[in-house]
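Worksheet: the structure to be examined is printed underneath.
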Amino acid sequence: MKRYSLLFLFAALALTWSCTEDTDGTPGIKPGNLSISSVFPDSASGGELVVVKGSGLGDIRSVVLEKGEVPAGFQPTLNTEGVFMFRVPLEAQGGTQKVTLTNGNGVSQSFDLRVLAFPVIYDVSNYNFSAGSEITITGLNLEDVHTVRFAGTNESIDIVSKTKTSLTIKFKSTNVERSALDIINATGPIKTTQEFVNLDKAFVIFTDAYGEGFGDGSWGDPGTITDAEAKTGSKSIYKNYQKGNWHLINFANWWPGVEENKDWKYLTVWIKGASQDYTLYLTGDKRAGGFGNGDRSYPLNVPAGKWTYFKIPLSEVKLWEKGTPFFQLGFWIPGPDAQDEIFHFDDLILVK
């Protein structure tokens, strides 16, 4: 009895296997007459879902956007004979264009879709500019940028070059002291989250040279101006922090000092790190902690081997807490314990 039951089971399984069709993930709907009745939305950004309604949509095998022939991904098992869904690829180029659906029989239908590809900003080469200087912006959807200007103004900035992922701009002489940018392409405008500072209007402690009245008052090895490294312009200043000495670089202005100005909002500086990640501490003679290597109240984490931008609110750092003017501003390090370490400084300024 058991023998016949097993034979019947094997026969049934064999029949089931022989009737099971391999599938490629599509819903198993045979290609029919392909037609499109509606598309929603008719404008979409990269990553946004588009819903196509019609008939014969269950066997779509490819979706291609006209500009650049960019393919769009979709999940076949989520689609039906009457509804097809896909997401606009992040790489899609902006503007109105044909989107072509093709089924398993090679039959295609197209519809118009306006791809919204606003400029996207990932990074900038600098936050500081002066008349004639250039900054490169990296991001996405930058190839059709036609206007760059200071945010909220009609004051334009020249476009030097552009690709899909980079935009180089050149600044003119301006009275703008600090501003975000409006960047406009064929889709529309965006306002950058980054602010850009006019070095020509800032209060200079050090750029390519010391600002008026400033000089070196460092502990240990002096601050040394060099043209071997620079974030902006052609020079920076470096300090060799001797092993185990807890030294500091000191930007000293013994006369007349730096009087407090309520219009100033930020202290900014570029610092290039040493052989490993370190913490430098900001110090000032009129800060609450006084000047020297005992004040750890304002740490700056400096990554190894690269330039890092620090934008420090004066309301936090309080350079005039104990009176005005201040005469000394510096950066000190505990140790360093392993060896001497060199840090470079550039564009140390006060900004309105």
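On the basis of being surrounded by 16 or more Cβ atoms within 10 Å (Cβ to Cβ), touching a strand residue (DSSP E or B) at 6+ places or on another chain (Cβ under 8 Å) and either touching a residue at least 24 places away in the same chain (Cβ under 8 Å) or basic (Lys, Arg) (or both), does residue 301 make the cut?
When the stated conditions are applied, residue 301 does not pass them.
Among 203, 251, which is surrounded by fewer than 21 Cβ atoms within 10 Å (Cβ to Cβ) and of a type in the set (A, V, I, L, M, F, W, C)? Give the derivation first.
Values: 251 fails: surrounded by fewer than 21 Cβ atoms within 10 Å (Cβ to Cβ).
So the residue among 203, 251 that is surrounded by fewer than 21 Cβ atoms within 10 Å (Cβ to Cβ) and of a type in the set (A, V, I, L, M, F, W, C) is 203.
Could you pull out every one of the strands (runs of 3 or more DSSP E) wholly within segment 305-352 that has 1 or more residues that are touching a residue at least 12 places away in the same chain (Cβ under 8 Å) and at positive phi? Quick ask: steps written out before the conclusion?
Values: elements: 307-313, 328-332, 341-351.
In segment 305-352, 341-351 are the strands (runs of 3 or more DSSP E) which contain 1 or more residues that are touching a residue at least 12 places away in the same chain (Cβ under 8 Å) and at positive phi.
For residue 110, are the conditions met, namely being hydroxyl-bearing (Ser, Thr, Tyr) and open to solvent by less than 40 Å² (accessible area, probe 1.4 Å)? Don't jump to the end; show me each part of the working.
Working: hydroxyl-bearing (Ser, Thr, Tyr): yes; open to solvent by less than 40 Å² (accessible area, probe 1.4 Å): no.
No; evaluated as a whole, the condition is false for this residue.
Could you check segment 113-152 and list, in sequence order, the residues that are hydroxyl-bearing (Ser, Thr, Tyr) and either surrounded by 18 or more Cβ atoms within 10 Å (Cβ to Cβ) or touching a residue at least 60 places away in the same chain (Cβ under 8 Å) (or both)? Full working, then the answer.
Of segment 113-152, the ones hydroxyl-bearing (Ser, Thr, Tyr) are 122, 125, 127, 130, 133, 136, 138, 147.
Matches in segment 113-152: 127, 130, 133.
If you scan segment 254-272, which residues turn out to be closer than 28 Å to residue 133 by Cα, charged (D, E, K, R) and surrounded by 13 or more Cβ atoms within 10 Å (Cβ to Cβ)?
Within segment 254-272, 265, 272 meet the criteria.
Going through segment 225-241 one residue at a time, which ones are part of a strand (DSSP E or B) and surrounded by 16 or more Cβ atoms within 10 Å (Cβ to Cβ)? So that I can check it myself, show each step before the final result.
Here is the first cut: in segment 225-241, the ones part of a strand (DSSP E or B) are 225-226, 236-241.
Passing the criteria: 236, 237, 238, 239, 240, 241.
Looking at segment 280-292, is at least one residue hydroxyl-bearing (Ser, Thr, Tyr) and open to solvent by 40 Å² or more (accessible area, probe 1.4 Å)? Talk me through it step by step, then tell me what you get.
At the first step, the residues of segment 280-292 found to be hydroxyl-bearing (Ser, Thr, Tyr) are 281, 283.
Pick out the ones that are also open to solvent by 40 Å² or more (accessible area, probe 1.4 Å) and you get none.
Looking through segment 280-292, none of the residues is hydroxyl-bearing (Ser, Thr, Tyr) and open to solvent by 40 Å² or more (accessible area, probe 1.4 Å).
Just give me the residues in segment 58-69 being touching a strand residue (DSSP E or B) at 6+ places or on another chain (Cβ under 7 Å) and modelled with pLDDT of 95 or more, in sequence order.
Listed by number, the residues that qualify are 60, 61, 62, 63, 64, 65, 66.
What pairs come out if I take residues in segment 266-278 that are in a loop (DSSP other than H, G, I, E, B) and pair them with residues that are of a type in the set (Lys, Arg) and modelled with pLDDT of 95 or more whose C-beta lies under 9 Å away, six or more apart or interchain?
As it stands, the answer is 273/306, since those pairs meet every condition given.
The values are calculated or read from the model by the stated rules, or taken from the named source; none is laboratory data. As the structure is a prediction and not an experimental result, all values here were calculated from the model. A quick note on method: Cβ atoms are made from the backbone with ideal geometry, for glycine too, and the neighbour counts reach across all protein chains shown. Heads up: the accessible areas ignore ligands, DNA and RNA and are worked out on the full protein's heavy atoms, side chains in. Shrake-Rupley method; radii C 1.70, N 1.55, O 1.52, S 1.80 Å.
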